[in-house]
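Structure record follows, encoded as structure tokens.
The values are calculated or read from the model by the stated rules, or taken from the named source; none is laboratory data. None of the values given here were measured: they were computed from a predicted structure. Note that each Cβ is placed from the backbone with ideal geometry, even for glycine, and that neighbours are counted across all protein chains shown. Quick note on the areas: whole protein, heavy atoms, side chains included, nothing else; ligands and nucleic acids left out. Shrake-Rupley method; radii C 1.70, N 1.55, O 1.52, S 1.80 Å.
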Amino acid sequence: MSARANILGKLRNSLDGTTPRPDEFDERLVTEPWRYDPQDRIARLRSLMEAVHTEVRQCSSDNWPGLVAGLLAKRNLTNLLCALGKEHGRELQAHFDATKRSVRLLAYDRPVEAWKEELFWNVGASLTGTLGAIAATGSLVLWPDRHEPRLMSLVPPVHIALLKASEIHDNLYDMMMAQDWAAGLPTNVLLVSGPSKTADIEQVLAYGAHGPRELIVLILEDA
């Protein structure tokens, strides 16, 4: 018997003869203080995120690629890291092809060791989707995967995040229940409220010290 099997066997046998305690969890403790009218969720999320230097734009689900192009042009950025294998990546690619934009779209399709120098020093911006957002805390929720690894939202100086208005939830518990997180959690979940910041130096809050200097959230109104 392997050491792993031996440990797991001991854990299973440790429950023999015990009686499970009743589930006394009261979900009202994590939900009732953080309830909002549906029409107020965007305003609350926007207020909290803008308070920590996040740029928030509201747009329709069919014109956001043009807005992305404008944001890049305003900052003189010539490349964008995005998931070309996902729907929003394909939409962006189609827009840039149709408008002949001089922006190079990059895909995270290699191990980080194969292009670490380019990723850390030459990528100007990234665009990712989101799983949703939490109105109570003003936070985006990201589930990194093989198309959009965690470094996409941590390394480039500018991070653009797409958020569907219908996926803004009152609080984290409601979001976990509505999306049935218990059915399959990812290896990590990112809660992002603003660009990078630190107060390590003389306890003075500074933005952009590490990670993205800018966080831009595009809230897509449903068609």
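Computed values, structure above
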| item | result |
| --- | --- |
| Hits in the range 1-27 (condition: among the charged types (D, E, K, R) and surrounded by 10 or more Cβ atoms within 10 Å (Cβ to Cβ)) | E27 |
| Hits in the range 62-107 (condition: in contact (Cβ under 8 Å) with a residue 40 or more places away in the chain, open to solvent by 30 Å² or more (accessible area, probe 1.4 Å), touching a His at 6+ places or on another chain (Cβ under 9 Å) and not small (G, A, S)) | K86 |
| Criterion (without any contact (Cβ under 8 Å) to a residue 60 or more places away in the chain, open to solvent by 70 Å² or more (accessible area, probe 1.4 Å) and of a type in the set (S, T, N, Q)) met by exactly one of T187, T198 | T187 |
| Among (1) farther than 24 Å from K197 by Cβ; (2) of a type outside the set (D, E); (3) surrounded by 14 or more Cβ atoms within 10 Å (Cβ to Cβ); (4) at pLDDT below 95 - the single one V52 does not satisfy | (1) |
| Index of the failed condition, G70 passing every other in (1) under 20 Å from H210 (Cβ atoms); (2) out of contact with any Asp or Glu (no Cβ under 6 Å at 6 or more places or on another chain) | (1) |
| Among residues of the range 154-209, those that are among the aromatic types (F, W, Y) and at pLDDT below 90, counted | 1 |
